[in-house]
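As structure tokens, the structure follows; a few thoughts come after it.
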Amino acid sequence: MATRNDDADDAPVSPQVMQMLATMDPQSMFPDIAEAYLSGEMTQEAAANEIVGRLTRLTAPRPIPDDWRVETDECVALHFKWLPDQDHANADIPQDVLDALNAVLSGPNATPAQRAKWPRGLGDVLDADPVVTARVFRDADGVPAFGLVFESEDHARVYTWKTNYHIFYGEGAQILYCQNFEFEGMRLPNNLDHFLHYITDGKVEAVDGRLRLKEEYEAFGRYEPLQGREQDGREYLSEWFARCYRRLAGEISYQTNPETGPASTHGPACACDACLTRPQDGKDESAEDLLQGHEETMREDFPELGPGSATVRQFVAIKGLVHGVRAAKGSYARYVKKELLVLRALVRKRRATTADDNQRTAFDILAQSPDEIAWRILGFRRW
């Protein structure tokens, strides 16, 4: 290593190096270089150039491995390749599924404001949004692979921008191998990556030109941050899949992780028309209709559940809640106040009790307060 010379503070270091050193913490990223520089084993210039060299190698285009190459001269980003000894039945993706996928895969057309942000000024160069086509390829040995075809590298760059900063903003991603063009940043957002894997796994079908998860692959779990049920984020897999499809189709727009990006993007609570509008097959279902449908499904799928089971008791409680809110002219606040007044009267008549006699809970205070104070408390908006 070159010896450090503190008298040579003016060693020639390029402006790019100095900018890089000013915007990063070399000690946390490259502790060996930092230690060598601080101990005097490396000069400032040598340390800076070593950091630049490593960063250059990190961001260099990843050469596509020979076993990933397919028989084509098109610009293709390879998403998935079957193993040679693997069952290739799922590689025969039905044409109607591919057609339905390619109808939305390019995403919604960008607005003028979005085009102005396209990389390398391509918004002023390209006449239209790039079109991407999903296709199954084969290598020289006949092993299938699933890839995304682009007209050019510029189209791939813009599509990467659209998917990462417009359609699926705020997500981690997978980097794809690129064949017949060099692009080190072919970044596929996680939701889109998983969405495509369900297609290559043969778990998706096309119905009336739209993609949907096959019923036999339905599951219940956590599939996307800040989505699903409020208490635990769980939802049906088909709901997540349909939401990804609608994001690609431009029917809804929101940011996956709002805290990771600017406030100007749509979040899960977005109230714009696109986020609020959901296809209902021409009909809006009431809460009672939804409950009736779930009740019928529960009876068919879980006949072993008896009236005393926790699941049934909770469902009955939900039905009672909906009925109570409906009786209160659709106002949950009015329903809660009415229930509190009934419970307060029962407590004061010693026909009901609060949880712990040794603790004075908020409801203890409400129950024992004079009427005028109780009315005042219940008049606050928080109730």
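We did not get these values from a lab; they are worked out from the coordinates using the rules stated. Just so you know, these numbers come straight off a predicted model, no measurement behind them. Positions of Cβ are backbone-derived with ideal geometry, glycine not excepted, and every protein chain shown enters the neighbour counts.
Most exposed first by the Cβ proxy, i.e. fewest other Cβ within 10 Å, how do Leu105, Leu211 rank?
In increasing order of surrounding Cβ atoms, one gets Leu105, Leu211.
Quick one: which residues, 5 or more positions from Gly233 or on another chain, have an amide H under 5 Å from its amide H? H modelled 1.01 Å from N in the peptide plane, none for Pro or chain starts.
Placed amide hydrogens put nothing under 5 Å from Gly233.
Need the C-alpha centroid separation for the stretch 107-156 versus the stretch 195-243, integer Å.
Here the answer is 25 Å between Cα centres.
Mind listing the phi-derived Karplus ³J(HN,Hα) values for the stretch 222-231, rounded to whole Hz, using 6.51, -1.76 and 1.60 with θ = phi - 60°, and x for any glycine or proline?
My calculation for the stretch 222-231 gives 9, 10, 7, x, 6, 10, x, 5, 4, 6 Hz in order.
Whole-Hz ³J(HN,Hα) for each residue in the stretch 345-350, computed from phi via Karplus 6.51 cos²θ - 1.76 cosθ + 1.60 with θ = phi - 60°, x for glycine and proline: what do you get?
Each residue of the stretch 345-350 in turn: 5, 5, 5, 5, 8, 6 Hz.
Using modelled amide H (1.01 Å from N, peptide plane; none on Pro or chain starts), what sits under 5 Å from the amide H of Thr133, excluding residues fewer than 5 places away?
Counting only residues 5 or more places away or on other chains, the set is Val149.
Could you list Asp32, Asp127 so that the one with the fewest beta carbons within 10 Å of its beta carbon is first and the one with the most is last? Please report the intermediate quantities before stating the final value.
Numbers: Asp32 9, Asp127 4.
Ascending number of Cβ neighbours within 10 Å: Asp127, Asp32.
Mean separation of Cα pairs under 8 Å and 6+ residues apart, divided by the residue count of the stretch 92-245: what relative contact order is that in percent?
For the stretch 92-245, the relative contact order is 18 percent.
Counting other C-beta atoms within 10 Å, which of Ser39, Ser253 has the fewest, and how do the rest follow?
The order, fewest Cβ neighbours first, is Ser39, Ser253.
Taking N as the number of residues in the stretch 46-142, what is its alpha-carbon radius of gyration divided by 2.2 N^0.38 Å?
The stretch 46-142 yields a ratio of 1.53.
Using the Karplus curve 6.51 cos²θ - 1.76 cosθ + 1.60 with θ = phi - 60°, what ³J(HN,Hα) values do you get for each residue of the stretch 74-88, in whole Hz, with x for Gly and Pro?
7, 7, 10, 9, 8, 9, 8, 9, 6, 6, x, 9, 8, 5, 9
Scan around Tyr177 for amide H atoms under 5 Å from its own, H built in the peptide plane at 1.01 Å from N, and keep only partners 5 or more places away or cross-chain.
Amide H to amide H, under 5 Å and 5 or more residues apart or across chains, Tyr177 pairs with Leu78.
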